[in-house]
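This report concerns only the one structure given below.
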Amino acid sequence: MFSLLLALAIGTVFDDVVNAEMEAVRATFPAPTVTAVMDGDWSEQNTWGGGTVPDLNSNVEIPLARTVTIRGGFPAVAKKVFVKGKLIFSDEGSTSLKVETLLSEAHSLVQIGTQTEPLPAQFTSTITFTPSDFTNDPKRFGGGAVLMGEVKLFGTRKPWSSFAVANKASNTILFNSPLTNWAVNDRIVIAGNKIGEHELKTITGIAGLTVTLDSPLAFQHSPPPGLTMQAGNLTRNITFKSESTDAQGRAHTMLMHDPNVVIQGVAFKDMGRTDKSLPLTTYKFYENGQEFAPPNAGEFNFPGRYAIHLHRHGFDNGVAVIDSCVIDSTPGWGCVNHSSNAEIKNNVAYNTYGAAFVSEAGDELGSFNGNLAIHVPGLAINILDQNRIFLVDTGFSGSAVWANGHNVSIVNNVAANCKSSGYTYWGKGFFQHGLSGTYVDAKYLLDPSWAGPTQKMFGAFVNAREFRGNVAYGQNTAYDSWFMGRDVTNISRSPLDNFLAWGVNLGMLITYTGNVDVNNPVLIGNNPPNSSFGINIDAVSLNVNVTNPNIKNFGITGISGSARGVNSIIGGIIESPNGTAIAIPNLNPISGTTVHDYTVSDVNFVPLSKWYFTVPAKPAPAVPPKPYDVLGRIFYGGQRVHYLEDAASFPGGNTPTKFKAWIGGSPVMP
């Protein structure tokens, strides 16, 4: 009974917060000066009360049961538009709307094209957002598209493409995947081998799979043999854009509470107002309900004002879709899933500060699938910077995917030239204003029993649902996880499958993390001495298995592994000619644990003369002894790896200098 009451209470609080948000948004809209009195075209006087077609100073209302259509040949303008009925953009010509705020009510409809008949490629539809003065809008909800109803936008899809090489000083690129709907005069972004080497070009010609550019390439774009690089098309025939490029003058897109959203083939240019280079104007919400204004918060830098923001749709009423869209230049996050169920797929993100694709709160469902992110800048400060974490302000360092919610699938994405990392799992939790912590309903977990008697599980405790087939290159770190699954029992493991990274300084950083299976990773460093670790598992992580790795070109260590819990490295190849193949850190036990095993089996070390472990000195026993003070065990090929102190000399008498342990003898259990 208590569990049921708790679940109902959390749901009721969520509904109350959503209703309060809707009222706050409605309150920003002034009394209308022009109202639609009949169905009709925007340009027709008879459509509007008093026969007055809206101008740039008009506050326009389209009432429930009214449909207004914007047609080609007439540029629609208004100060603010409140859609309670339907606003349709005709697909029979090119259309435009210039407006400060486009607001829609629950159960309304904003539509361009249809699923079966998208806006034809020869036509365009452009919504330009003018700067807002935020009158009667202290939280700055307005200034952009704030849509609480159904949204159906269907433009022309232009999938990103891949190539094997693009030569410096050449003005052509031969692609090896289709250039569907690419056209002359389209803008494209080409990923670079390193940060700062991406390039923006305009297409001047297309012949089959060969694209001619408006100017020669400034850099060489060459992946390792057999691999590819990517280019994304930034042009779409439906565009949301800000007239202002100043961060606080930009518009944003907030799709609130209604999952009946399908946005396909739309470019969001210079959208988003939340600036991740600055601290947020926000409140730290404690579990006891207290809130206070934090120090050093940026003025008017409110969270949630992103280029695309799927905001609190809930999970049972449908799945929102963002497909084949473009996020082109934003001072903050690109496409954000916040407490919603969404398929975010096949999109291109360029120049999105802090992060490109984000699960924000921790309870999100759905997927990031087949997206491309190029050039994700960020702050060069510690990811654990307490001044930012204090504000519940994360995702500022530059990651293609920032997953505060681990219950979304992250599949077949490409991350290139990110300031910090390609993919980041963050597990510190997200305490939302008015809601305290963020919890995942038992029914949305892979195994509902994990939730226990409360039928809720704290979002930060949920392990990664699916991470598969992702790629990262040309940046510092390819993948990192923080505070994920380490302190939770009776939960599934996080599968990290078929990850490819090249041209990186650090392949995978697994820190404060537990219960992870890294399967079939291919990790190619940025050549020693620039690169460090293939996989760096910090000393407080535990229960990490690495299977069939292919690791090379890292200057310090192929795999630096934690020995806390039960860990393994099985099969694969580790090529570490200038460093250590496998380093096992200090085996001092973590409080409360009794097992510290590391199994290594069937690993092919290249070159053979370097097949060694670096193992620390044997830890001294605790005085007085502690119940959890159990000596670690390491096995190679079924035989125990002994500490140097355990034998008078190495067997064979011919051991590499860095070989800090010897192998053989009877496996003596501690």
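Derivation of every value follows stated rules applied to the coordinates shown; laboratory data play no part. Values in this document were obtained by computation on a predicted structure and should not be read as measured data. Here the Cβ positions follow ideal geometry from the backbone for every residue, glycine too, while neighbour counts run over all protein chains shown.
For the listed peptides 307-314, 56-63, 125-132, a ranking on the average number of other beta carbons within 10 Å per residue, highest first, reads 307-314, 125-132, 56-63. Can you give the FRET efficiency for residue 386 and residue 570, using 1/(1 + (r/R0)^6), R0 = 45 Å, r = Cβ-Cβ distance, to the nearest 0.05? Efficiency, from the Cβ-Cβ distance: 0.70. Diagonalising the gyration tensor over the Cα atoms of segment 59-207 and scaling each eigenvalue by 5 before taking the square root yields semi-axes of 37, 20, 13 Å, largest first. Packing around the peptides 503-514, 146-157, taken as the average count of other Cβ atoms within 10 Å per residue, puts them in this order, highest first: 503-514, 146-157. Fully extending the segment from residue 409 to residue 220, taken as 0.36 nm per residue of separation minus the present Cα-Cα distance, adds 64.7 nm. What FRET efficiency would be calculated for the residue pair residue 44, residue 114, taking the C-beta separation as r and a Förster radius of 30 Å, to the nearest 0.05? Between residue 44 and residue 114 the formula returns 0.80. Report the FRET efficiency, 1/(1 + (r/R0)^6), for residue 540 and residue 164, where r is their Cβ-Cβ distance and R0 is 45 Å, rounded to 0.05. So the FRET efficiency works out to roughly 0.60. For the pair residue 19 and residue 121, label points projected 7 Å from Cα toward Cβ lie 5.0 nm apart.
Ranked from highest to lowest mean number of other Cβ atoms within 10 Å per residue, what is the order of the peptides 219-228, 31-40, 266-275? Please report the intermediate quantities before stating the final value.
Working: 219-228: 14.9, 31-40: 16.4, 266-275: 26.0.
With the highest mean Cβ count within 10 Å placed first, the list reads 266-275, 31-40, 219-228.
Work out how much length residue 210 to residue 493 would gain on full extension: take 0.36 nm times their residue separation and subtract the Cα-Cα distance, in nm to one decimal.
Full-extension gain reported as 97.5 nm.
Beta-bridge orientation, segment 307-393: approximately 0 percent antiparallel, per DSSP, counting only bridges with both partners inside.
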